[in-house]
Amino acid sequence: MSKIASQLGKNLKKIRTKKKLSQGTIARKLKVHRSFISGIENGKRNLTLSTIEKLAEAIGTKVDQLLK
């Protein structure tokens, strides 16, 4: 996948673990399967801007923190 997808995944995992959130918790908030969150963290998913925005809201952070 692209470098940005990989970076987004790394940032998501870092923020998620720091906030002690499970992939399942985030998946339930977004109404997706846990494997979808795993795919994001592994850089295997190419997300839309809308999905990135929903993801940031679900974990309580800003979009720029996921994309930095």
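The values are calculated or read from the model by the stated rules, or taken from the named source; none is laboratory data. A quick note: this is a predicted structure, and the numbers were derived from the prediction, not measured. A quick note on method: Cβ atoms are made from the backbone with ideal geometry, for glycine too, and the neighbour counts reach across all protein chains shown. Side chains are part of the model used for accessible areas, which takes the heavy atoms of the whole protein and leaves out ligands, DNA and RNA. Shrake-Rupley method; radii C 1.70, N 1.55, O 1.52, S 1.80 Å.
The K31 and I4 beta-carbon pair, evaluated with R₀ = 35 Å, returns a calculated FRET efficiency of approximately 0.90.
Applying 0.36 nm per residue to the separation of N42 and K62 and subtracting their alpha-carbon distance, the gain on full extension is 5.2 nm. For the chain, carbon and sulfur atoms together expose 52% of the accessible surface, with a 1.4 angstrom probe and every protein chain in place.
My understanding is that a pair violates if its Cα-Cα distance is over 21 Å; which of K19/K44; K3/K29; K14/K54; K29/K68 do that in this structure? From K19/K44; K3/K29; K14/K54; K29/K68, over 21 Å: K19/K44; K3/K29; K29/K68. The mean accessible area for residues of segment 22-68, using a 1.4 Å probe and ignoring ligands and nucleic acids, is 64 Å² per residue.
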